[in-house]
Amino acid sequence: MLHNGIEMPVLGLGVYQAGAQTKEAVLTALQAGYRHIDTAAFYGNEKEVGEAVRESGIPREEIFITTKLWNSMQREDRQQEAIEQSLEQLDLGYIDLYFIHWPVPGKFRQTWRIIERAYEEKQIKAIGVSNFLQHHLEELSVTANIAPMVNQFECHPYCARKELRDFCKQQEIVCEAWSPLGRGALLEDTCVCQIAREHQKTPAQILLRWDIQNGIVTIPKSVHKERILENMQLFDFTLTNEQMQQLEQLDRNEMHGDPDHFDF
Ligand code: NAD
């Protein structure tokens with residue numbers, strides 16, 4: 001439940017680099033029971049996501065679509081244009097959750113104002129930020145009228161971001177993990193594999209269950225049917241406190257994208 005009362009499914013399908021397989025992957029996921037898809041203008045596949053949703057036959061309001069405003073559109077007052085482009089590409093009437101993709105320095109506060117306006121005009125049902133660290137959230141709060149409902153950032157046991165998660169929780173901002181599988185790297189970790197054997201689950205399921213038990217929304221990416229199905233079998237087992245601790249101890253602050261040193 002987001003702080004504006006909107007409900008967001010805790011599991012979604014990520015479609016970064018899904019390319020020509022996007023539409024098929026989204027259709028497969030929707031047929032399997034996923035009700036949340038994470039795309040972005042930058043991924044170049046909003047159109048395919050929209051097509052899959054329309055062709056699925058599932059009522060629009062049962063599906064939660066998130067997309068993001070790309071960095072180059074935070075310049076030269078192009079934010080409203082970016083929102084309109086995403087609405088047009090998706091062609092689903094509205095966006096469930098719209099993110100600022102990265103905290104472009106000197107720009108994101110103004111971008112947020114424009115996103116707030118689109119929210120007030122009901123083009124967007126919920127608004128959030130992505131890749132914001134605590135200092136970005138604090139800077140945003142000085143001028144924001146509406147606090148972000150979600151922060152989507154890189155999060156997995158190798159990059160656990162416990163302090164950021166705790167700060168978001170205090171602020172009633174829901175945490176969402178990108179690269180929840182560490183883009184595959186964590187699937188061979190000895191500790192993850194050991195816990196997987198203990199539950200007769202796969203390493204991917206252990207990593208995604210770690211998110212769920214931490215109250216983190218998770219959006220694993222796959223275009224393969226068997227993995228899309230595997231990644232949703234998360235609700236028939238529970239990690240023990242000890243296993244949760246073991247996973248937390250794997251943290252080594254290993255990032256694929258550092259918000260403080262991003263090439264904007
Ligand atoms: P991920 O951690 O979801 O890993 C994806 C990789 O793991 C793929 O190579 C996939 O084939 C493989 N995989 C998936 N399920 C598997 C399984 N069950 N067994 C074995 N391998 C499996 O990485 P990601 O794609 O970087 O992140 C997920 C989503 O997060 C993206 O698709 C995108 O929607 C979002 N994202 C957002 C940002 C951002 O800046 N906001 C950045 C990166 C990703």
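The values are calculated or read from the model by the stated rules, or taken from the named source; none is laboratory data. In this text, all values refer to a predicted model and were calculated from it rather than measured experimentally. When we count neighbours, we look across all protein chains shown, and the Cβ atoms used for this are built from the backbone with ideal geometry, even at glycine. Note: accessible area is taken over every heavy atom of the protein model, side chains too, but ligands, DNA and RNA are not part of it. Shrake-Rupley method; radii C 1.70, N 1.55, O 1.52, S 1.80 Å.
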Within the range 225-264, the residues that are within 14 Å of the ligand (Cβ to nearest atom), over 30 Å from HIS135 (Cα atoms) and touching a residue at least 24 places away in the same chain (Cβ under 8 Å) are LYS225, ILE228, LEU229, GLU230, ASN231, MET232, GLN233, LEU234
Quick one: is GLN243 modelled with pLDDT of 95 or more, over 20 Å from the mean Cα position of the chain (by Cα) and closer than 30 Å to LEU137 by Cα? no
Only one of (1) assigned to a helix (DSSP H, G or I); (2) open to solvent by 60 Å² or more (accessible area, probe 1.4 Å) does not apply to ASP236, and that is (1)
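Residues checked against (1) among the charged types (D, E, K, R); (2) in a helix (DSSP H, G or I); (3) more than 13 Å from the ligand (Cβ to nearest atom):
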residue	(1), (2), (3)
PHE167	no, yes, yes
CYS175	no, no, no
PRO180	no, no, no
LEU187	no, yes, no
VAL192	no, yes, no
ILE195	no, yes, yes
GLN205	no, yes, no
If we keep only residues of the range 124-135 that are touching a helix residue (DSSP H, G or I) at 6+ places or on another chain (Cβ under 6 Å) and not in a strand (DSSP E or B), then the residue surrounded by the most Cβ atoms within 10 Å (Cβ to Cβ) is ASN131
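Listed here are the residues, each with its yes/no results for (1) surrounded by fewer than 21 Cβ atoms within 10 Å (Cβ to Cβ); (2) out of contact with any helix residue (DSSP H, G or I) (no Cβ under 9 Å at 6 or more places or on another chain).
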position	(1), (2)
ARG117	yes, no
GLU120	yes, yes
LEU137	yes, no
LYS169	yes, yes
TRP178	no, yes
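Residue-wise test of (1) more than 12 Å from LEU13 (Cα to Cα); (2) free of Cβ contacts under 8 Å to residues at least 24 places away in the same chain; (3) open to solvent by less than 10 Å² (accessible area, probe 1.4 Å).
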position	(1), (2), (3)
LEU27	no, no, no
ALA32	no, no, no
HIS36	no, no, yes
THR39	no, no, yes
PHE42	yes, no, no
ASN45	yes, no, yes
GLY50	yes, no, yes
ILE63	no, no, yes
GLN74	yes, no, yes
